Amino acid sequence: MLLLNFTVRNHKSLKDETTLELVKRTLKTLKPSRDSSWRDHVLPVVGVFGANASGKSTVIDAIHYAISAIGYSASSWLDSSAMRRVPFALDEDSRSGTSEYEFDFVRRGVRHLYGFELGAQGIVREWLRDVPTSRWRTLMERTAGQTVPKTHSSVGEIGPVAARELALSRALRLGNSVLAPIARSLTQDIGIIPFGEKYRDHRLNVITTSLVQQQQRAGEPASFDFGDIETLLQMADVGILSVDLREDAVPPETLEFLAQLRKLLYPEESGGEASAPGELPQEAVDEVIHGLEFTHRGPRDQTGKLAVDQESEGTKAWLALAVPALSALREGTVLVADELDASLHPHLVQLLIGFFNDPEFNANGAQLIFTSHDAFVLSPLNQETLAPEQVWFTEKDHEGVSTLYSLSDFPRHADANIARRYLAGRYGAVPSPTPHSILRLLETDRVEVVG
């Protein structure tokens, strides 16, 4: 899958229609000419830079929301009492208005355009088009109040849909032979890595679970293995020699809690040694907690082992990013990472960007979309130079509205120090702090001295 553009309107601070472009401006037609390919016209890396609270993460959140709507609006979202949405909240017109999301992408060499518009009551519009020859073809479309979407003859009918579910989400659940694979591409081939310790720890748990399953199903293909992880960690020069799984018994207090919970949930159970009230089956008692364990190089050729929670924040951040990056490079998918530079040395950020930017490493056409406020990525010291089309900025105005724009919109200076110009505010997207305000907080007559 190749992502060409993503457009959003009225999502959090992105009040106005905003498009993140990943297709190069060399493409002037709907599809490449016969002497070129899609990969010749698509950017492998795009970075979004800006001040804190400028809207960088909102761009990522909008992509995440749209993917989640495709995956869950026909299932778990229907359990909610109202349509799940996050419009711009600072004016009534936006709060009561509609929001819009659209993906422009290439799947199996064919360009597709999928989007939807929704309001507080449900889906207002939904459309899916492709370019099988030289012009757009409508595969599916639907408007508010239309319970059965219009579909192309090749698609077949997908039956009635509820007001608050996407037809593409319904088609995914039904396994429609044409629409379900398209839905799976959007939900599975775009991987989101949100910012935050909670999400990082979740990714580490996913890695651990995958390695446990590999041990249990030896011989089956896997997207990564122990050797891959060891290579990635050694590449980062963090002093780790090898990686293993450790097994810890479930703590007694956890077993007791589970036993009491079982007693509350199943008060009717009685008899039977393994299922007596307040007790757990023997297989649960024998259960262990799996975790990663790292062998480190020590002094005088000695070694020591550390559990994952004993590792540095940088090591955990690198592992949580590098493994999904490796999978994306192998499978040719899209990786979307918020705050790529968080807890990582600039050289490791440079390394990740280089993997996607270099055709030798990125032979399958993977793409990386990331946010950052690290000016090193834009500086001449960074060996992985980003073209102006690959650099985007976000800026929030005094009304709380975020704007997304590209470095390519500015006059080009071949020898310009982009990082210096960025930090100097030549492109906007930098904070305007008022340091003298601290003086009011430090006034002696406002401070109660204790002691």
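The values are calculated or read from the model by the stated rules, or taken from the named source; none is laboratory data. All figures in this text were calculated on a predicted structure; none of them were measured in a lab. Because the Cβ atoms are built from the backbone with ideal geometry, glycine has one as well, and the counts that use them run over all protein chains shown. SASA here: full protein model, heavy atoms, side chains in, ligands and nucleic acids out. Shrake-Rupley method; radii C 1.70, N 1.55, O 1.52, S 1.80 Å.
Looking only at residues of region 388-405 that are open to solvent by 40 Å² or more (accessible area, probe 1.4 Å) and out of contact with any strand residue (DSSP E or B) (no Cβ under 8 Å at 6 or more places or on another chain), we find that the one that is farthest from ARG426 (Cα to Cα) is GLU399. Which condition number does ALA183 fail, the rest of (1) open to solvent by less than 40 Å² (accessible area, probe 1.4 Å); (2) touching a residue at least 40 places away in the same chain (Cβ under 8 Å); (3) farther than 30 Å from LEU368 by Cα being met? Of everything listed in (1) open to solvent by less than 40 Å² (accessible area, probe 1.4 Å); (2) touching a residue at least 40 places away in the same chain (Cβ under 8 Å); (3) farther than 30 Å from LEU368 by Cα, ALA183 misses just condition (3). When the criteria are applied in full, ALA363 fails the requirement of being farther than 21 Å from PRO44 by Cβ, assigned to a loop (DSSP other than H, G, I, E, B) and of a type in the set (A, V, I, L, M, F, W, C). Taken over region 207-235, the criterion of being assigned to a helix (DSSP H, G or I), in contact with a Leu (Cβ under 9 Å, 6 or more places away or on another chain) and either open to solvent by less than 70 Å² (accessible area, probe 1.4 Å) or of a type in the set (A, V, I, L, M) (or both) is satisfied by ILE207, THR208, LEU211, VAL212, PHE226, ASP228, ILE229, GLU230, LEU232, LEU233, MET235. The residues of region 215-236 that are touching an Asp or Glu at 6+ places or on another chain (Cβ under 8 Å) and within 21 Å of GLU247 (Cα to Cα) amount to a single one, PHE226. Flag: GLY156 matches the condition of being modelled with pLDDT under 95, open to solvent by less than 40 Å² (accessible area, probe 1.4 Å) and in a loop (DSSP other than H, G, I, E, B). Tell me, which residue of region 317-349 that is open to solvent by 30 Å² or more (accessible area, probe 1.4 Å) and within 26 Å of TRP38 (Cα to Cα) is nearest to the chain's Cα centre (by Cα)? Out of the qualifying residues, it is PRO324.
In region 159-188, the qualifying residues are those that are over 17 Å from TYR72 (Cβ atoms) and in contact with a Ser or Thr (Cβ under 8 Å, 6 or more places away or on another chain), and the one that is modelled with the lowest pLDDT is PRO160. If you filter region 33-49 down to residues that are of a type outside the set (A, V, I, L, M, F, W, C) and either in contact with a Ser or Thr (Cβ under 9 Å, 6 or more places away or on another chain) or touching a residue at least 24 places away in the same chain (Cβ under 8 Å) (or both), you find that the one that is least open to solvent (accessible area, probe 1.4 Å) is GLY47. Does region 113-128 contain any residue that is part of a loop (DSSP other than H, G, I, E, B), modelled with pLDDT of 95 or more and in contact with a strand residue (DSSP E or B) (Cβ under 8 Å, 6 or more places away or on another chain)? Looking for residues that are part of a loop (DSSP other than H, G, I, E, B), modelled with pLDDT of 95 or more and in contact with a strand residue (DSSP E or B) (Cβ under 8 Å, 6 or more places away or on another chain), one finds none in region 113-128, hence no.
Among the candidates ARG84, ARG34, single out the residue that is more than 18 Å from the chain's Cα centre (by Cα), modelled with pLDDT under 95 and of a type in the set (D, E, K, R). Checking each option against the conditions leaves just ARG34. Being over 18 Å from THR7 (Cβ atoms) and open to solvent by 70 Å² or more (accessible area, probe 1.4 Å) is the filter; apply it to region 108-132 and report the residue that is farthest from the chain's Cα centre (by Cα). Filtering first and then ranking leaves GLN121.
Among the conditions (1) open to solvent by 40 Å² or more (accessible area, probe 1.4 Å); (2) over 19 Å from LYS12 (Cα atoms), the only one that ALA89 does not satisfy is (2). When ARG84, ARG135 are checked against the criterion of being basic (Lys, Arg), closer than 30 Å to SER33 by Cβ, open to solvent by 20 Å² or more (accessible area, probe 1.4 Å) and assigned to a loop (DSSP other than H, G, I, E, B), a single residue qualifies: ARG135. ASN52 meets all of the listed conditions (1) surrounded by fewer than 17 Cβ atoms within 10 Å (Cβ to Cβ); (2) out of contact with any Pro (no Cβ under 7 Å at 6 or more places or on another chain); (3) within 30 Å of HIS398 (Cβ to Cβ) but one, namely (2).
Of all the criteria given as (1) charged (D, E, K, R); (2) modelled with pLDDT of 90 or more; (3) farther than 18 Å from PHE6 by Cα; (4) open to solvent by less than 40 Å² (accessible area, probe 1.4 Å), the one not satisfied by ASP358 is (4).
All told, LYS198 falls short of being surrounded by 13 or more Cβ atoms within 10 Å (Cβ to Cβ) and among the charged types (D, E, K, R).
Selection over region 13-24 of residues that are farther than 18 Å from GLY365 by Cα and either in contact with a strand residue (DSSP E or B) (Cβ under 6 Å, 6 or more places away or on another chain) or exposed (fewer than 13 other Cβ atoms within 10 Å of the Cβ) (or both) gives a count of 6.
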